[in-house]
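Student: I have a structure I would like to understand better, so I am pasting it below and will then ask my questions one at a time.
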Amino acid sequence: MLPFPLYLQLGFGFVSGALSASLGLVLVHIFPQPKKVVLTGLCYMVALALVRSLSLPFGVPFAILTLFLAVIIMPIWRLSLFKSILVTVIGTLILVLAESVFSPLILNFMNINFDDMVLQPQLAVFMPLPQIILSIIIIFVCLKFNLHIFDFRAMGVGDSLHLNGKRLNIVLGLVFSLLSLIIVQIVCNATVFNVQPNHIFKTISSATVGYITNIAVVLLFIIIILLIIQFIELTDKESQFMIQSSYLDSIEELYTALRAQKHDLVNHWQVLYGLMQLGDLEEAQKYLEEMMGKSISSDNFVVTGEPGLSALLYIKSGIALSEGIKFDVSVEALMDQELISTYELNRVIGNLINNAFDSVMNLEEERRIVQLKIFDEKDKQVVEVANCGNIEEEIKEKMFQKGFSTKTGKHSGLGLYIVKELLEQRNGLVRVENRGDMAVFSIYIPKGSVTKGGVHARSSRKDRGMAG
């Protein structure tokens, strides 16, 4: 960077950070809140002042600042590392492209060169004006007409991209490498062709060569953006197929459970018919009462707004019945969640139910109790899974760590770790506490655009509360 005064460098740093973040965000369909944009610009400005004070090789400060911008965008807008890097690269590319195109035009228009700006640094104030104006126009048009390259809002609903991590990481690694090379090429073009005289192309001026190269880089950038869109769509389709396969597995389990229930009912009917034929009506009545007490009904586990969760609870109730576990379900609110997919919701709740079942399996029969409750709490939806037994304090602190497990045998210790990771990705939370003689796991999920006025699910157990 040329030795401009510190106030100019700080000003350029603030504008660059704020505009890069804003451009990247609107092009992935995220609204750039002004306060967060200002905070990003200030952080980038400070980082630029620190990095420029060091003696680093050419290109290294630019790479450090670009990476730093991605790192500060990630927590401010609560984006994943991939999304933050993509936002940063897109915004930075547009600014660098605009600079490489407009800088020589401004120099020619003002009939000056970079040496003049070193001697008269006030002239440098006019250099970024075209790219600032262009950036503001792009931001305004994108917000006005709802234009974007990617739609991170739609991805946030299920965010199926993270499901196929291996393929996605390979694609993103290649794409990020290509985009980084483009940035390096643009910086080199602006430095070599637009500043230093060219000794190779004697018949063509260096400025003309610079324009041609910049146009080629712009076209390459557009092509790579189109490739990124295709890669993401293909990865998303593959992940959707994985989710559908998971649903098919659940439906198959549900069908198997229904067939098993029907088979058991036929056996029960045959026993009842035999008792009636023998005239033993008292024994038939006792048998019928016992059968009705142990049977399960699919109506008891209907979660309005989440048919996939209803299927999961029905299957788990069949497993509980076969294992001698009393599984009580109480649904007090409509589930219409947009911030977490049904696949992820079932994965979280299924893990908690499985852990609860495992915890009570070795208890006395009267203490084999697992309770599930769904309700609203202010701006969150809450799902509580409770089971008999308490959890020691030292175990509470470790149970969400990757690989930790209190179970014997071959257990990966990933269940609660997966629950915690999935919820944190959706700005949710999981807590564990002891209430009386029950261990209660509570998950909190932001409602998003959940329909107000919860509807009580049909449940013969709806009057039974959770522990505590």
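What follows is calculated from the coordinates using simple rules that are stated; it is not laboratory data. In this text, all values refer to a predicted model and were calculated from it rather than measured experimentally. Virtual Cβ from ideal backbone geometry, glycine too; neighbours counted across all protein chains shown.
Student: When ranked by the protection proxy of mean other Cβ atoms within 10 Å per residue, highest first, what sequence do the peptides 424-437, 367-380 form?
Tutor: 367-380, 424-437
Student: May I pose another question? Need the full-extension length gain, GLU233 to GLU433, defined as separation in residues times 0.36 nm minus the C-alpha distance. One decimal, nm.
Tutor: 67.8 nm
Student: Given labels modelled 7 Å from the Cα in the Cβ direction, how far is it in nm from LEU281 to ARG367?
Tutor: A separation of 4.4 nm, rounded to one decimal place.
Student: Say each of TYR7 and VAL60 gets a label point 7 Å from the Cα, pointing the same way as Cα to Cβ; how far apart are those two points in nm?
Tutor: Each label point lies 7 Å from its Cα, and together they span 3.1 nm.
Student: Measuring from label point to label point, each 7 Å out along Cα→Cβ, what is the LEU220 to LEU42 span in nm?
Tutor: 3.9 nm
Student: Quote the FRET efficiency, to the nearest 0.05, computed for PHE241 versus LEU272 with a Förster distance R0 of 41 Å and r equal to the Cβ-Cβ distance.
Tutor: 0.35
Student: Using a 10 Å cut-off around each Cβ, can you sort VAL38, VAL382, VAL329 from fewest to most neighbouring Cβ atoms?
Tutor: VAL38, VAL382, VAL329
Student: Please work out the FRET efficiency for the pair LYS35 and GLU377, using the Cβ-Cβ distance as r and a Förster radius of 30 Å; give the result to the nearest 0.05.
Tutor: Given R0 = 30 Å and the Cβ-Cβ separation, E is 0.60.
Student: Of the peptides 47-53, 312-318, how do they stack up when ordered by the mean number of other Cβ atoms within 10 Å, highest first?
Tutor: 312-318, 47-53
Student: Please compare each pair in LYS35/LYS83; LYS316/LYS398; LYS402/LYS447; LYS262/LYS447; LYS83/LYS447; LYS83/LYS420 to a cut-off of 30 Å on the Cα-Cα distance and tell me which ones are over it.
Tutor: LYS262/LYS447, as the Cα separations exceed 30 Å there.
Student: A further question follows. If you stretched the chain out fully between LEU81 and LEU248, how much longer would it get, using 0.36 nm times the residue separation minus the C-alpha to C-alpha distance?
Tutor: This chain segment gains 57.0 nm when fully extended.
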